[in-house]
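The values are calculated or read from the model by the stated rules, or taken from the named source; none is laboratory data. Keep in mind that this is a model prediction, so the values were computed, not measured. Virtual Cβ from ideal backbone geometry, glycine too; neighbours counted across all protein chains shown. These accessible areas exclude ligands, DNA and RNA; they are computed on the full protein's heavy atoms, side chains included. Shrake-Rupley method; radii C 1.70, N 1.55, O 1.52, S 1.80 Å.
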Amino acid sequence: MVKEKAVVLQNNGIFLISVMSYERREMLMKTAAEYIQSLRDMKPRKIYVMGELVDNPVDHPLIRPSINCCAMTYKLAELPEYEDLMTATSSLTGNKINRFCHLHQSTEDLMNKVKMQRLVGNMTGACFQRCVGMDALNAMFSTTFEMDQKSGTNYHQKFKDYLLKWEENDWTVDGAMTDPKGNRAAGPANQVDPDLFVHIVEKNEDGIVVKGAKMHQTGALNSHEILVMPTQTMRPEDADYAVAFAVAADDPSIIYIYGRQSCDTRKMEATNIDVGNVNYGGQEAIIIFDNTFIPWERVFMCGEIEFTGMLVERFAGYHRQSYGGCKVGNGDVLIGATAAIADYNGASKASHVKDKIIEMTHLNETLYSSGIACSAEGRKTAAGNYLIDMMLANVCKQNVTRLPYEIARIAQDIAGGLVVTMPSDADFKSSEVGEWCTKLMAGDPKYSTEERQRMLRLIESMTMGSIAVGYLTESMHGAGSPQAQRIMISRLGNLEAKKAMARRICGVDPDDLL
Ligand code: SF4
Ligand code: FE
């Protein structure tokens, strides 16, 4: 069947919107519609949203935009134009799979991952959630291999068996790392309440029973599976907390509590204009494991404290790379919205406006540069998949904790005060004051007032509304807060080697190359 559709083409690193015809191809992977149906097919879950138990998350107005967003990772993989970015050849089976399920096999794969994330960020303008599973699978694959080599365990084969099912079912998997952590001055074993870190409460011949919770879980309700990892490097007394496992997201023991987002109830209003990003959004939830049973074949770490640091660093490293793609993709949308509102305001020819948009672009491409750089400098692990350069991935994420805020500041500067004072869409539609709203909110007459209204709401949502959760606060804290990257940068900075360079150059040390 031939269809016509607006698509995004990559041109010299810039993604351009174009209208193309394409043939719908049959693929083994899930379509977006099949993905959404697979969420409907899950067993009933205990999902709490604003104090209420929700039995149909798929059609809930607060949740649905985040499902549409994750579904985009399936939709784009259906389209031949994106085949190179969105799909890959499985290193386990040779099958064509969605890249979100892929073990990176080269530095090119690592770069394609970042480009794919930029593309999906362009198409959604929000957090599409599926990357945490991809990052967890790559970290878990190499860590279980090295764990087995050192400890004589058999986690790697079990993880490979699990991964085969992951690829076959084209799962979205929630890579779950962050524990509540309680009193930060005390470690896991020293908390007043042991449930502040996920821990093993029982071991028997069939498996383990775990209790605790994971916080801030991106895409939790939109995932088929949850892949749990320890939250930090564990000490000998924390052995019960050094646990990694996979569990079906509809396991009856699990409780979900949905996170609030700024302006979220606008999604429940009759009109969607005030939401800004009308169809897409991110999602975070708390996942509670209330005595969850995990069979041994789904346990991938159980007390190996010496490998907790490796797993945490690798997962965080991959996810810090990810931000050099997704946040750049979102940044493209915000730059576009800013340039458009300048047009609508009749201000786009002002030299300072042009210069500010150049500055936004420069900052956004700086983020992309480090996402690509840490990928290009990646290396093969002992298990065979590729790992990013850790220093450059941490530099990437450290930049992401800062530059989107400056990009957002400039967007608000150019948008003007209406971004926070504009009446509601209900007023625009009011029989009494609607005409006044339309008349007073007019800009350049080439554009309708509604176009201006919509674009201002998009800028509002990305810089302070529900999308700012993903574009700003998640840029700060996702994949580790800024200080976590600074610790890694300090550890990897190799100051002694740099001091030796300086000593030789200034003559403190002899120069044996002369
Ligand atoms: Fe993916 Fe970015 Fe969302 Fe993380 S924040 S899940 S990398 S889109
Ligand atoms: Fe994230």
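Quick notes
- Acute angle (nearest 10 degrees) that the helix 107-124 long axis makes with the longest principal axis of the chain, alpha-carbon atoms: 40 degrees
- The residue among M462, L76, F300 whose Cα reaches farthest toward the positive pole of the charge dipole of the chain, with charges on the beta-carbon of Lys, Arg, Asp and Glu, is M462.
- Pairs spanning more than 30 Å between alpha-carbon atoms, out of K203/K397; K158/K214; K43/K115; K181/K267: K203/K397; K43/K115; K181/K267.
- Rounded to the nearest 10 degrees, the inclination of helix 155-169 to the longest alpha-carbon principal axis of the chain is 30 degrees.
- Antiparallel content of DSSP bridges confined to region 138-236, in %, to 5: 50 percent
- Sequence-separation-based contact order of region 77-150, relative, with Cα cut under 8 Å and 6+ spacing, percent: 24 percent
- With viscosity 1.306 mPa s and temperature 10 °C, the Kirkwood radius over alpha carbon pairs of the chain converts through Stokes-Einstein to a diffusion coefficient of 66 µm²/s.
- Near the amide H of E284, within less than 5 Å, lie the amide hydrogens of G219, G259, all on another chain or at least 5 residues away, with H placed in the peptide plane.
- Share antiparallel - DSSP beta bridges, the chain, percent rounded to 5: 85 percent
- With every protein chain in place and a 1.4 angstrom probe, the accessible-area ranking of S431, S142, largest first, reads S431, S142.
- Nonlocal amide H pairs with M301, under 5 Å, H built at 1.01 Å: A244
- Residues in region 465-485 reached by a label modelled at D413 [backbone nitrogen below 19 Å; 7 Å Cα→Cβ]: 472
- Take every Cα pair under 8 Å whose residues are at least 6 apart in sequence, average their separation, divide by the length of the chain, and the relative contact order is 17 percent.
- Here the simple spin-label model places points 7 Å from the Cα toward Cβ, and for T361 and T421 these points are separated by 3.1 nm.
- With θ taken as phi - 60° and the Karplus curve 6.51 cos²θ - 1.76 cosθ + 1.60 applied, the whole-hertz 3J(HN,Hα) list for region 382-398 is 4, 7, x, 7, 9, 10, 5, 6, 5, 4, 5, 5, 6, 5, 4, 5, 4 Hz, x standing for glycine and proline.
- Excluding the site residues themselves, the longest part of the chain lacking any GluC sites (Glu not before Pro) in a DSSP loop with at most 14 other Cβ atoms within 10 Å is 27-204.
- Gyration tensor (alpha-carbon) shape descriptor, region 93-186, a/c threshold 1.5: oblate
- Residue-level accessible surface for K158, protein heavy atoms, 1.4 Å, Å²: 30 Å²
- Between region 222-301 and region 120-164, the alpha-carbon centres lie 16 Å apart.
- Prolate/oblate/rounded label for region 335-490 (Cα gyration tensor, a/c 1.5): prolate
- Prolate/oblate/rounded call for region 118-238, Cα gyration tensor, a/c under 1.5 rounded: oblate
- Helices in the chain, meaning DSSP H runs of at least 4 residues, each add -39500 (n - 2.57). Divided by all residues, the mean residue ellipticity at 222 nm is -14000 deg cm²/dmol.
- Solvent-accessible ranking of I410, I487, I505, largest area first, probe 1.4 Å: I505, I487, I410
- Derived scalar couplings between HN and Hα for region 501-514 equal 4, 5, 4, 5, 5, 8, x, 5, 9, x, 9, 7, 9, 7 Hz in order, rounded to whole Hz, by the Karplus curve 6.51 cos²θ - 1.76 cosθ + 1.60 (θ = phi - 60°), x for Gly and Pro.
- Applying 1/(1 + (r/R0)^6) with r as the Cβ-Cβ distance of S351 and N154 and R0 = 56 angstrom yields a FRET efficiency of 0.30.
- Stretch gain in nm, segment N56-V201, where the contour uses 0.36 nm per residue and the Cα spacing is subtracted: 49.0 nm
- Distances between placed amide hydrogens fall under 5 Å for A176 paired with L227, V228, M229, all partners being 5 or more residues away or on another chain.
- DSSP finds beta bridges in region 76-228, and of those with both partners inside it, around 65 percent are antiparallel.
- ³J(HN,Hα) computed for each position of region 442-458 - Karplus, 6.51 cos²θ - 1.76 cosθ + 1.60, integer Hz, glycine/proline x: 5, x, 4, x, 5, 10, 6, 4, 5, 4, 5, 4, 5, 5, 5, 5, 5
- Probe 1.4 Å, all protein chains present, accessible-area order of W171, W436, W166, W296, largest first: W436, W296, W171, W166
- Solvent accessible area, Å² - S466, 1.4 Å probe, full protein context: 10 Å²
- With the whole protein complex present, D161 retains an accessible surface near 70 Å², based on a 1.4 Å probe.
- Short-range pairs are left out: with C-alpha atoms under 8 Å and at least six residues apart, the relative contact order of region 173-293 is 32 percent.
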